[in-house]
1. What number comes out for accessible area per residue over the range 1-87 if the probe is 1.4 Å? Units Å², please.
2. Find how much the distance from Glu258 to Phe326 grows on full extension, using 0.36 nm per residue of separation minus their present alpha carbon separation; answer in nm with one decimal.
3. Rounded to the nearest 5, what % of the DSSP beta bridges within the chain are antiparallel ones?
4. Calculate, for the range 227-385, the solvent-accessible area per residue in square angstrom, rolling a 1.4 angstrom probe over the heavy atoms of the protein chains.
5. Greater than 18 Å separation of Cα atoms is the criterion. Which listed pairs, Lys164/Lys462; Lys38/Lys462; Lys241/Lys367, meet it?
6. By average Cβ neighbour count within 10 Å, what is the ranking of 237-250, 37-50, 306-319, 265-278 from highest down?
7. How large, in percent, is the carbon and sulfur part of the accessible surface of the range 89-159 at a probe radius of 1.4 Å?
8. Pull up the DSSP beta bridges for the range 6-117 and report the antiparallel fraction as a percent, rounded to 5.
Amino acid sequence: MENTTIAAIATPPGYGGIGIVKISGPKAIQTATALFQKKGGSFNASGNHWIPESRRLYYGHIVDPEENRRIDEVMFVAMRSPSSYTGEDVVEIQAHAGPLVLKSILNLLLKQGVHLAGPGEFTKRAFLNGRMDLSQAEAVIDLINAGSGAGIELAVRQLDGGLKREVDTIRNELLNILAELEAGIDFPEDVEASDAPAPIAARLERYVLAPIRKLIQEHDDRNWLREGLRVAIAGSPNVGKSSLLNQLLDRERAIVTEYPGTTRDLVEDGFIISGVPVIVTDTAGIREHPDPIERHGINKAFANIEAADVILLVLDASQPIGYAHFSFMERFQNKTIVLVLNKTDLPERAVIPDDWQYLQTVRVSAKYNQGIDRLKSMLASYAGDNEPSRGLEIVPNLRQKQALEKSLASVEAARDSLSADQPAELVAIDLNDAVTAVREITGEIVSPDILDRIFEQFCIGK
Ligand SMILES: Nc1nc2c(ncn2[C@@H]2O[C@H](COP(=O)(O)OP(=O)(O)OP(=O)(O)O)[C@@H](O)[C@H]2O)c(=O)[nH]1
Ligand SMILES: [Mg+2]
């Protein structure tokens, strides 16, 4: 338990109807009530100071005690430990959302010895006080940052403890197996030899390895739902990449000219299809022997294409397909590539090689806005196939995936030792490592710097 009391403005900066100042910690109620003049008076008939009931809304004024001056007309609510967001005593003061009003209230609190909360400090306390596990705290960030309905759905499921439940099941299975192994270690004569290796290996496979692999796969398939589907527009100079970007966005976002090498930097923007945010990037045309500025742009293009979920490789239908495209295909063979045959309004000279027939191909004319809807619905179907409501509902984030990979490696090592008839002690070491890695996901075990890194992503007041 932290013993300081913290406060922050919990609503976004600017003018609005209501702004909230939030206070948490052992002195929250005492400090806040001292500044609050309740309607009907703050003292009862016997002269005792009023004590707020938990989770009841009161009406009154915040008063500067030194000058006995009213700051604002507010609603006041206290939530007593442990039934609050942080698990500590919490007070929320709902005032009028003028920046100066909220700052004055905050300043009064700071003068009473309350500390200014750091980013995510309320949520960090909620985690430290066992109100939520680490995967739920991370879901709070996802929820705040969500840019689409799908992103919200994903975050809400995780906030509800979905990942925690799955991970706890895996951890419990590992602990049961460890207990059995250790029983075997401590009292070898009590455990039948034939009982040991085979069933344990099978259980590891079914109840530990398979679910871990599935969660890792979910991250690889659908983590883009968090930040959006990243689509890179790539191709040779002058094929119409920027024209395509402008059509997808339905506005003049990038410069289009008849000169090859027009786009030199990344041009990024976003739109939403089927409730899924898409982040689309137009890149510099790729060619050999570029000038130094272009070279820089092409390097950035390659990095962006590498990070994309879907690559739109734009080809000029009026030109034969050049050699450079073959090396492009080879370089990005592991990625999802869609061929966009552009300039189909012109006489066609491009012939799609047989090797590429398996790729999805869309014929468009970016200049005359033909085929763009087909391209969009193709992207939508990609997003649709990957919709969160499909089957398993949990998509681990990168940090969680890395912990899952660590535990996967340890469990695989344990399984291999079992099948090689290694001593149970050795197997137990690997399984213990796996339990530690799994516990990192929910934050049962977590280093302070990882915690800091997670909560730094929050805004102040959350
Ligand atoms: N006929 C025809 N011309 C097009 C089409 N799409 C683009 N163009 C023209 O092709 C030229 C190049 O278009 P851009 O969109 O700038 O091409 P780009 O691939 O971004 O080129 P760089 O930025 O230089 O790599 C312009 O003159 C466009 O008007 C199309 O569908 N049909
Ligand atoms: Mg361009």
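1. Values: 4900 Å² over 87 residues.
I get 56 Å² per residue for this part.
2. Working: separation 68, 0.36 × 68 = 24.48 nm, distance 2.47 nm.
Contour length minus the Cα-Cα distance gives 22.0 nm.
3. Values: 38 of 62 bridges.
Approximately 60 percent, going by the DSSP bridge assignments.
4. Working: 8060 Å² over 159 residues.
Result: 51 Å² of accessible area for each residue.
5. Values: Lys164/Lys462 21 Å; Lys38/Lys462 27 Å; Lys241/Lys367 11 Å.
From Lys164/Lys462; Lys38/Lys462; Lys241/Lys367, over 18 Å: Lys164/Lys462; Lys38/Lys462.
6. Values: 237-250: 22.4, 37-50: 10.5, 306-319: 20.5, 265-278: 17.6.
Highest to lowest by the protection proxy: 237-250, 306-319, 265-278, 37-50.
7. Working: 1500 of 2710 Å².
Roughly 55 percent of what the probe reaches on the range 89-159 is carbon or sulfur.
8. Details: 29 of 32 bridges.
Among the beta bridges of the range 6-117, antiparallel pairing accounts for roughly 90 percent.
The values are calculated or read from the model by the stated rules, or taken from the named source; none is laboratory data. The structure displayed is predicted, hence computed values, not measured ones. With ideal geometry, Cβ positions are generated from the backbone for all residues, glycine too; neighbour counts draw on all protein chains shown. In case anyone asks, the SASA skips ligands and DNA or RNA and just uses the protein heavy atoms, side chains included. Shrake-Rupley method; radii C 1.70, N 1.55, O 1.52, S 1.80 Å.
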